[in-house]
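Only one structure is covered here, and it is reproduced in the block below.
No value in this document is a laboratory result; all are computed from the given coordinates. The structure presented is a predicted model; accordingly, all values stated were derived computationally and were not measured. Positions of Cβ are backbone-derived with ideal geometry, glycine not excepted, and every protein chain shown enters the neighbour counts.
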Amino acid sequence: MKFQIDHKSPVPLHAQVEELLRELIKEEEYQNGKVLPSEVDISNRLAISRSTVRQAIKKLVFEGLLVRKKKAGTKVAPKPVSSKSNNWLSFSQEMKLRGIPIRNFELNISWVNPTDEIALFFDISPDKKILKMERVRGKPEEPFVYFASYFHPRIGLTGEEDFKLPLYEMIEQEHSIVASLSKEEISATAADETISHKLEIKKGTPVLFRKRFVFDQGERPIEYNLGYYKSDSFIYTVESSR
């Protein structure tokens, strides 16, 4: 492949480097564990700054395509074994399908600056304010999940929408954005002071932690969602077929 970019192109340099790296890591030698060229090597060969190269590499690391280790360099990430759940629904739709009555304990809307991780996911400046929605939901007698959702400013949310409606239905009806793809990361963590207060549990109690990355039909990011579930009140089931 040609290891070059177009300095006269209207496409940002970091985006060109990102695309170049995506093609590079498909090559057999890198799939088999060869270390990628260093930031210095790439910046010298492409006549661009190291910070531009670093931005592109960080994006691919965030997506799980690359791994970086000190003194060991950057390599293609090993492909993990994963379970994939199809036909994902919004929380409201899922609970309705299961016949579980849901109570909304808390709903807060605010405008915040994104963290570096969220800004990287949305590919926006950390100085750009985005809408954050926090919800505590559960059974009528007790809460069992705390959500913190961040939305790409491209959607056009104002904060005046009725967020008590099923989220993705509302976004599609009011803003013509169709949520069509969800990628999730599930792990265990311990409740900090904020989570323990929201879910009415002791600090340090194990909780199920889920990150959900939601994309539109063009695979453009629209939502970055964090969910914290009471481990004794919720079971996350993945159904797979082959």
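Per-structure values
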{"read-out": "Helical contribution to [θ] at 222 nm, DSSP H n ≥ 4, -39,500 (n - 2.57), averaged over the chain, rounded to 500", "value": "-7500 deg cm²/dmol"}
{"read-out": "Efficiency of FRET from Cβ geometry, Ser9 and Lys203, R₀ 41 Å, rounded to 0.05", "value": "0.20"}
{"read-out": "Percentage relative contact order, the chain, counting C-alpha pairs under 8 Å, at least six apart", "value": "14"}
{"read-out": "Backbone N within segment 112-141 under 11 Å of label point (7 Å from Leu226 Cα along the Cβ vector)", "value": "115-118"}
{"read-out": "Length-normalised contact order for segment 13-76 - Cα pairs under 8 Å, 6+ apart - percent", "value": "41"}
{"read-out": "Cut-off 14 Å, label 7 Å out along Cα→Cβ of Lys2, residues of segment 19-46 by amide N", "value": "20"}
{"read-out": "Debye equation applied to the C-alpha atoms of the chain, log10 I(q)/I(0) at 0.07, 0.17, 0.18 Å⁻¹", "value": "-0.30, -1.34, -1.42"}
{"read-out": "Segment 166-181 - phi-based ³J(HN,Hα) in whole Hz, Karplus 6.51/-1.76/1.60, Gly and Pro as x", "value": "x, 4, 6, 5, 4, 5, 5, 6, 9, 10, 6, 10, 9, 7, 10, 9"}
{"read-out": "Amide proton proximity set for Ile102, modelled H, under 5 Å, gap of 5+", "value": "none"}
{"read-out": "Segment 221-232 - phi-based ³J(HN,Hα) in whole Hz, Karplus 6.51/-1.76/1.60, Gly and Pro as x", "value": "x, 10, 9, 10, 10, 10, x, 10, 10, 4, 5, 9"}
{"read-out": "Ascending count of other beta-carbon atoms within 10 Å, so fewest first, for Thr74, Thr115", "value": "Thr115, Thr74"}
{"read-out": "Simple spin-label estimate for Val35 and Val61 in nanometres, 7 Å along Cα-Cβ", "value": "1.5"}
{"read-out": "Ranked Arg135, Arg220, criterion: other C-beta atoms within 10 Å, fewest first", "value": "Arg220, Arg135"}
